[in-house]
Amino acid sequence: MSKTNQNPFENVLVQLDIAGEYLKLEPGVRDMLRQPKRIVTVSLPVKMDDGRTNVFTGYRVQYNDARGPFKGGIRYHPGVTLDEVKALSAWMTWKCSVADIPFGGAKGGVICDPKKMSQGELERLTRRYAAAISNVIGPDQDIPAPDVYTNSQIMAWILDTYSLIKGYAVPGVVTGKPISLGGSLGRDTATGRGAAFCTREAAKAVKVPLKGATFAVQGFGNAGANYALIMEEMGAKLIAASDSQGGILNKKGLDAKKVLAHKEKGGTVVGYPGAESVTNDELLQSECDILSPAALENAITKDIARGVRAKIVVECANGPTTPEADRVLDKKGVFLVPDILANSGGVIVSYLEWVQNLDRLYWTEEEVNSRLEQKITSAFKGVHQEAKKHGVSMRTGALIVGVGRVAEAVRTLGLWP
Ligand code: NAD
């Protein structure tokens, strides 16, 4: 699904090698971290509304669980590939480690086009997928969550299917579920909120006042739109936004709430009154202080990176910058908050949701948000310190922290037999 033909899992391996050099990883551990522990591929026959049976393909990749149960979202998209799911599962592993939460990393994906499916078809596909992977998921084993084109309703169907198979209610099997089923307050906005906290810290680091700072967001979905709303609350000014159909720009500022209402009504930000139309690539190179890619992998290629004018890049999306583009941005002095730190708010609050489910005890939204703020700010500081210590980018600093903790856990567990 990525914009270039670049294989996202190859990007993972390039990043792992960079971290491995700094960490002086021994070859055995390095080899263990280069591949997932388990790959599950399932074929999913689904009765369509017109009576035909369509067979979809689904994946669940469990990358590493040395630090705790596998954890990671499920993506529904026509461009899903096994290598993409593998890459996303590796990034989940480093991300949980950077955030210092006791989870490993996993990811799921189903090759389908949810925009062309009815609710009934989506429900039947989801239940079939949940049943097919039911023996490898569970609150102590692997806990899915939403990702691109999946949402809390899809989590509800997975929870119900899994509970029916078990014979009792298991709310802790998924996170990002509806509040009525044990979801956590604050989970829906958590990825965007966490990224906004990271932006605040980055702005302090490079001495750009957040109040009045201009920002652009590529991908106005769960992560991107919530990021925009919270950044606006913090005093920053949204100047451009986009989705799969195109983008909009107004240098004087857009109203994030109104842009979201426009998208909810018409399915796209395109056509928002009082803004000029821009392409996604133009948005990425627009004049702004802060840029947030919040859509898919490989959005910022080497060529796009050359034209990026922002001082700070905050990766709400997973893997939006290619390794070559990373080097270009780094050389230009752009302060980049990498995905495994910037978008970790989602999994941090997923962790808080899981803890609440296991404890049968629920917190207020203020309590959840303040725990998120504390966790992600401390992760940011740890990564920033590591980056400064080695004189490297925040990406490399985050990889050193993330991969380093997983390697330490793998080493300490030892090998059996
Ligand atoms: P979403 O489905 O809610 O939104 C995706 C948005 O991206 C939509 O607005 C869509 O139109 C847009 N989009 C799709 N293809 C595009 C393209 N080619 N160009 C521009 N825009 C495009 O998904 P989401 O949950 O917000 O996920 C977005 C990114 O954030 C993904 O990389 C995901 O892995 C990452 N992420 C999400 C969460 C979360 O909690 N939802 C957590 C961590 C990371």
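The values are calculated or read from the model by the stated rules, or taken from the named source; none is laboratory data. Keep in mind that this is a model prediction, so the values were computed, not measured. All Cβ positions, glycine included, derive from the backbone under ideal geometry; neighbour counts span all protein chains shown. SASA here: full protein model, heavy atoms, side chains in, ligands and nucleic acids out. Shrake-Rupley method; radii C 1.70, N 1.55, O 1.52, S 1.80 Å.
Would you work out the relative contact order for segment 147-192, in percent, from Cα pairs under 8 angstrom that are 6 or more residues apart?
33 percent
Grab the Cα-Cα distance for ASP113 and GLU367, subtract it from 0.36 nm times how many residues apart they are, and report the gain in nm with one decimal.
87.7 nm
Could you look at the chain and say what percent of its accessible area is carbon and sulfur, using a 1.4 Å probe and all protein chains?
C and S fraction of accessible area: 51 percent.
Can you give me the pair-distance distribution of segment 119-269, C-alpha pairs, 10 Å bins, whole percents?
11, 32, 27, 20, 9, 1
What fraction of the Cα pairs in segment 1-91, stated in percent, has a spacing above 20 angstrom?
47 percent
Within segment 190-342, what is the number of lysine pairs with alpha carbons under 13 Å apart, leaving out pairs fewer than eight places apart on the same chain?
Here the count comes out as 11.
Multiply the residue gap between ASP303 and GLN374 by 0.36 nm, knock off their C-alpha separation, and tell me the result in nm, one decimal place.
Working it through step by step, the gained length comes to 21.9 nm.
Subtracting the Cα-Cα distance from 0.36 nm times the residue separation, let me have the gained length for GLU26 to ASP50 in nm, one decimal.
3.1 nm
What value, in deg cm²/dmol to 500, does the helix sum -39500 (n - 2.57) over DSSP H runs of n ≥ 4 give at 222 nm once divided by the residues of the chain?
-15000 deg cm²/dmol
Run the numbers on segment 203-346 and let me know its relative contact order in percent, using alpha-carbon pairs under 8 Å that are six or more apart.
For segment 203-346, the relative contact order is 21 percent.
Search the structure for amide H atoms under 5 Å from the amide H of HIS77, placed 1.01 Å from N in the peptide plane, and list their residues when 5 or more places away or on another chain.
Excluding prolines and chain starts, which carry no amide H, the hits are VAL110, CYS112.
For segment 125-141, take each phi angle, set θ = phi - 60°, evaluate the Karplus expression 6.51 cos²θ - 1.76 cosθ + 1.60, and give the result in whole Hz per residue in order, putting x for glycine and proline.
Values, residue by residue: 5, 5, 5, 5, 5, 4, 5, 5, 9, 4, 7, 10, 10, x, x, 9, 10 Hz.
Accessible area, 1.4 Å probe, largest first: how do TYR272, TYR63 sort?
If we order TYR272, TYR63 from most to least accessible, we get TYR272, TYR63.
Measuring from the lowest to the highest alpha carbon on each principal axis, how far does segment 190-342 reach, largest first, in angstroms?
For segment 190-342, the Cα spread along each principal axis is 40, 29, 26 Å.
Can you list the HN-Hα couplings for segment 190-200, worked out from phi with the Karplus curve (6.51, -1.76, 1.60; θ = phi - 60°), rounded to whole Hz and with x for Gly and Pro?
Result, ordered by residue: 4, 5, x, 5, x, 5, 5, 4, 5, 5, 4 Hz.
At 25 °C and 0.890 mPa s, what whole-number value in µm²/s does Stokes-Einstein give for the translational diffusion of the chain, with Rh from the Kirkwood sum over Cα pairs?
115 µm²/s
In Å², and per residue, what accessible area does the chain have when probed at 1.4 Å with the other protein chains present?
Ligands and nucleic acids excluded, the result is 40 Å² per residue.
Could you grab the relative contact order for segment 114-230? Cα pairs under 8 Å, six or more apart, rounded to a whole percent.
It rounds to 20 percent for segment 114-230.
Once a ≥ b ≥ c are taken as the square roots of the eigenvalues of the Cα gyration tensor of segment 166-219, is the result rounded (a/c under 1.5), prolate (a/b larger than b/c) or oblate (a/b not larger than b/c)?
Prolate shape, in that a/c is at least 1.5 and a/b is the bigger ratio.
Counting Lys and Arg as +1 and Asp and Glu as -1, each charge on the Cβ, what is the dipole of the chain about the Cα centre in debye, to the nearest 20?
Using Cβ point charges on Lys, Arg, Asp and Glu, the chain gives about 360 debye.
Take the chain, connect every pair of alpha-carbon atoms lying under 10 Å apart with a spring to form a Gaussian network, then pick out the residue of ALA325, ALA205, ALA256 with the largest mean-square fluctuation.
In this elastic network of the chain, the residue with the biggest mean-square fluctuation among ALA325, ALA205, ALA256 is ALA205.
Rounded to whole Å, give me the distance from the Cα center of segment 13-39 to that of segment 275-294.
Between the Cα centres of segment 13-39 and segment 275-294 lies a distance of 34 Å.
Just to confirm my numbers, what's the Cα centroid distance between segment 220-249 and segment 119-180 in Å?
29 Å
Convex hull over the Cα atoms of segment 36-170, averaged projected area in nm²?
Average of the hull's projected areas for segment 36-170 equals 7.7 nm².
How would you classify segment 303-417 from its alpha-carbon gyration tensor, with a ≥ b ≥ c the square roots of the eigenvalues: rounded for a/c under 1.5, else prolate if a/b is greater than b/c, otherwise oblate?
oblate
In a Gaussian network model over the chain where Cα atoms closer than 10 Å are linked, find which of ALA156, ALA294, ALA131 has the largest mean-square fluctuation.
Largest GNM mean-square fluctuation: ALA131.
Mind listing the phi-derived Karplus ³J(HN,Hα) values for segment 63-72, rounded to whole Hz, using 6.51, -1.76 and 1.60 with θ = phi - 60°, and x for any glycine or proline?
Working through the residues one at a time gives 7, 7, 10, 5, 9, x, x, 4, 8, x Hz.
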